[in-house]
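Inspection log for the structure reproduced underneath, given as structure tokens.
FYI, it's all coordinate maths here, none of it is from the lab. Since the structure is predicted, the reported quantities are computational estimates derived from the model, not experimental observations. All Cβ positions, even for glycine, are placed from backbone atoms using ideal geometry, and neighbour counts span all protein chains on display.
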Amino acid sequence: MSRHFFLFLSKNKALNKSAKKWGLRLGAAKVVAGVTIDEVMQSIQQLNEQGLKATIDHLGEFVTEREEAENAGSACLDILEAIKRNNIDSHVSVKLTKLGLDISRELCMENMRSILDVAKTNGNFINIDMEDYAHYHETLDILLELRQKYDNVGTVMQSYLRSGLDDLDPLQGIPLRIVKGAYQEDAAVAYQDKEDIDANFLCMVEKHLRNGGHTAIATHDHTIIEAVQTFTRENNIPTEQFEFQMLYGFRQELQHQLADEGYTFRTYVPFGQDWYGYFMRRLAERPQNIVFAVRGMISK
Ligand code: FDA
């Protein structure tokens, strides 16, 4: 089963709808930290106790109903409130299409402004996940508009995009998470070979670090992590200027190792009923994940 097959499945609306009723099936519980806010708070408390920081993602994307987008905005406010109440060390990651971007930019902006106001009061940080290329330029445009008022917001840049390196220019000084990119994109806009994507990843990390921007290196790829460790050491980049990030449930040993070595480490912790698209993208990235998906199916 190929990457394309799972990326195709990830967009299947009927399966996505049914999956919300299934609970965390198909092994999703290994990579999704529960369905409720209480469950995710407990998972993060455990991570914090082990020296790992977090960023919470309330799963869901490509929302087309106004009410759903408004509910998504309120859910983010509830999450910020729960982070404060439970005194946990966690940022929040959001997707603009969950907050209504496909319905209207104004609705999405209203949601973002309410979230950022509360986050600022609570001393928290909001990271805008990067979605597919169809939403890329508008996401960057919205980020730049929000940054005129808020300094507690950043975004994600994808190294599979051919323009990724140049697109960093207007983002100097903005906290960025660098990733390889998780969507299926046309060869006209995105590198298709791992070698090119990896090389661009390192160039983007080095450029943003050299420009003084806070950089989150978000990958499970030990070769890239080692290259970044060497670069930061040789160029005297202060450890406060960068952090490593990985997804919940992936390479836990390496997550702890990096934290134990004194690097800031942040785990991306997704939760919620809308796990289907996220889970399919994880299967697309790494066929070995199928092993625990199949085990999950059998045990249900
Ligand atoms: P990749 O999957 O290319 O793996 C490279 C090598 O690393 C493998 O060959 C293997 O040697 C090793 N490896 C990888 N996984 C392993 C495992 N589980 N166990 C053992 N070895 C393993 N994408 C996006 O488009 N927008 C976004 O906003 C985000 N946000 C985001 C946040 C965070 C914290 C992370 C970690 C990732 C994202 N992504 C993302 C997803 C990202 O774009 C990418 O699809 C995945 O991270 C997979 O790529 P990797 O960099 O992990 O390496």
Legend entry - Boolean, Ala72 is of a type outside the set (Lys, Arg), closer than 18 Å to Tyr278 by Cβ and part of a helix (DSSP H, G or I): yes
Inset, instruction - Please find, among Ala182, Ala199, the residue that is out of contact with any Cys (no Cβ under 8 Å at 6 or more places or on another chain) and under 15 Å from Tyr136 (Cα atoms). - result: Ala182
Inset, instruction - Being near the ligand (Cβ under 10 Å from one of its atoms) and closer than 25 Å to Glu195 by Cβ is the filter; apply it to region 137-165 and report the residue that is nearest to the chain's Cα centre (by Cα). - result: Val156
Legend entry - Residues of region 189-201 satisfying the condition of being out of contact with any strand residue (DSSP E or B) (no Cβ under 9 Å at 6 or more places or on another chain) and either in a helix (DSSP H, G or I) or buried (at least 18 other Cβ atoms within 10 Å of the Cβ) (or both): Lys194, Glu195, Asp196, Asp198, Ala199
Legend entry - Residue check, Asn127 in a strand (DSSP E or B) and at negative phi: yes
Inset, instruction - Considering only residues that are without any contact (Cβ under 8 Å) to a residue 24 or more places away in the chain and not acidic (Asp, Glu), look in region 230-279 and name the one that is nearest to the ligand (Cβ to nearest atom). - result: Gln252
Legend entry - region 77-91 - residue that is among the polar types (S, T, N, Q) and out of contact with any strand residue (DSSP E or B) (no Cβ under 7 Å at 6 or more places or on another chain) and, of those, surrounded by the most Cβ atoms within 10 Å (Cβ to Cβ): Asn86
Inset, instruction - Could you run through region 166-196 and say how many residues are closer than 22 Å to Leu9 by Cβ, within 11 Å of the ligand (Cβ to nearest atom) and of a type outside the set (D, E, K, R)? - result: 6
